[in-house]
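The values are calculated or read from the model by the stated rules, or taken from the named source; none is laboratory data. From a predicted model like this one, the values you see are computed outputs, not experimental measurements. Note that each Cβ is placed from the backbone with ideal geometry, even for glycine, and that neighbours are counted across all protein chains shown. Heavy atoms of the whole protein, side chains included, go into the accessibility calculation; ligands, DNA and RNA do not. Shrake-Rupley method; radii C 1.70, N 1.55, O 1.52, S 1.80 Å.
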Amino acid sequence: GSPEEFIRRNREALESEYVSSNLHHWIDLVFGYKQRGKPAVEAANIFYYLTYEGAVDLETMEDDLQRAAIEDQIANFGQTPIQIFRKKHPRRGPPIPIAHPLYFAPDSISLTSVVCNTNQYSSALLYVSLMDSSIVIVNEDLNLSVKMWLTTQLQSGGNFTFSGSQDPFFGVGSDILSPRKIGIPVPENVELGAQCFATMQTPSENFLISCGNWENSFQVISLSDGRLVQSIRQHKDVVSCVAVTSDGNILATGSYDTTVMVWEVFRGKTTEKRIRNSQSELPRKNYVIIETPCHILCGHDDIITCLYVSHELDVIISGSKDGTCVFHTLREGRYVRSLRHPSGSPITKLVVSQRGQIVIYADDDLSLHLYSINGKYLAASESNGRLNAVQLSRCGEFLVCAGDQGQIVVRSMDTLEVVKKYQGVGKVMTSLAVTPEECFLAGTKDGSLLVYSIENPQIRKTSHNKNTKSKLT
């Protein structure tokens, strides 16, 4: 009944076990050893000779009439693809449920450890993020710490203690960067949250981007030693949110001044040449972000509350307290369209998948709304409580939510329907991260870190066998 459902079902079919079991036969016919010769005859896979590569050399043909006839034949009936493989193509391997537990084995994920704050202030964890094998944590008192993310047997260490009788397969390890104060005092009217922080990876170093201070600036902080590398002040009011592209080349900032600014990350000689041509200031020591924005985007009437920026989709989407989401192109900074919250509520959070599905959330009416990248309204759902953190799973198929109810709720990105709920420990969750292994790291209001993961290899093996059978059936 809808184009979106048609595409979703086709995607599901293309990833099905039937296709996996038979795709290599099609490859053999179109690109492989059954395209020509005796195997092609046996497979009834023979076409007119002019369709095959190398069958005729048009450049050496002297008869213009014959050449035109052959060109018309090719134009009307097509050409056989270039033969790539000379041997049988192997079958695609069977699905590995544990590589995608949210889809194949959601019951195998559980709360495996509670990492308690012992040597830090017991304030809410506002931001939790994973970079490579490091967990970046920022609390309400603006203390930054970096921990190890362990993907083998859990080891204790650092300033955290561990509880639980199981032996988790994933967990939090010792300090990479011990807790230290960052940032500048925050104005009374500014509410810090995950939207005020972002991690950025460059070839040389990893950084934390922080904003929300009274200087109207945003800051670049080294994650290796916690030093302030750069502070940029171009907005006319407090910087309220930041976002970074997946490749770390572009940064976007939103502000109380209702504008969005787009910044390039300095990448060496190529960027330096481009900067000189645009008569912007030249790189200097510890130069990370070019201090002249490449775009200043307008269109909102109130504070920018959330941002999304993507190279792949060539889009910047900004949500605002005025109840709208405004779309601009990333490359040109050109206005594309606007979305308005159905009830006009201020946009609190914004999540966008690589497929172009957009979810907006508003604290005022505790609602989630799903749109397509083209602005089509697709679905809505009640959040059943205030959401403090909304993230995408790494596969992009699930929306992972956490908030005042103290549990993690996983929803389908196609319909917003609840797929699975994971109970917490009775504490308000204030931040959330989804790891590449589809584990969850949830920060709480009292400064604890909850780890949801596969408990141990034996459980992984059991879940694999049981769920593989049920899924394929």
### Task
Spot the failing condition for PHE6; the list is (1) surrounded by fewer than 12 Cβ atoms within 10 Å (Cβ to Cβ); (2) at pLDDT 90 or above; (3) farther than 30 Å from CYS395 by Cα; (4) within 40 Å of the chain's Cα centre (by Cα), and only one is missed.
(3)
### Subset of the range 9-50 (residues that are open to solvent by less than 70 Å² (accessible area, probe 1.4 Å) and within 30 Å of LYS376 (Cα to Cα))
ASN10, ALA13, SER16
### Query
Within the set of pairs 6+ apart or on separate chains, which have a first residue in the range 125-151 that is closer than 17 Å to GLY183 by Cβ and of a type outside the set (A, V, I, L, M, F, W, C), a second that is open to solvent by 20 Å² or more (accessible area, probe 1.4 Å) and part of a loop (DSSP other than H, G, I, E, B), and C-beta atoms under 7 Å apart?
ASN139/GLN120; ASN139/TYR121; GLU140/LEU192; ASP141/TYR121; ASN143/GLN120; ASN143/TYR121
### Message
Being in contact with a Lys or Arg (Cβ under 9 Å, 6 or more places away or on another chain) and at pLDDT below 95 narrows it down to one residue among THR435, THR473; which is it?
### Response
THR435
### Message
If the requirement is being closer than 30 Å to ARG355 by Cβ, in the same structural domain as ILE408 (by the TED database) and of a type in the set (A, V, I, L, M), which of these qualifies: LEU102, LEU14?
### Response
LEU102
### Query
Does LEU142 satisfy the condition of being farther than 22 Å from VAL351 by Cα, open to solvent by 10 Å² or more (accessible area, probe 1.4 Å), under 26 Å from the mean Cα position of the chain (by Cα) and at pLDDT 90 or above?
yes
### Message
Every residue in the range 295-304 that is part of a loop (DSSP other than H, G, I, E, B) and open to solvent by 60 Å² or more (accessible area, probe 1.4 Å), please.
### Response
CYS298, ASP301
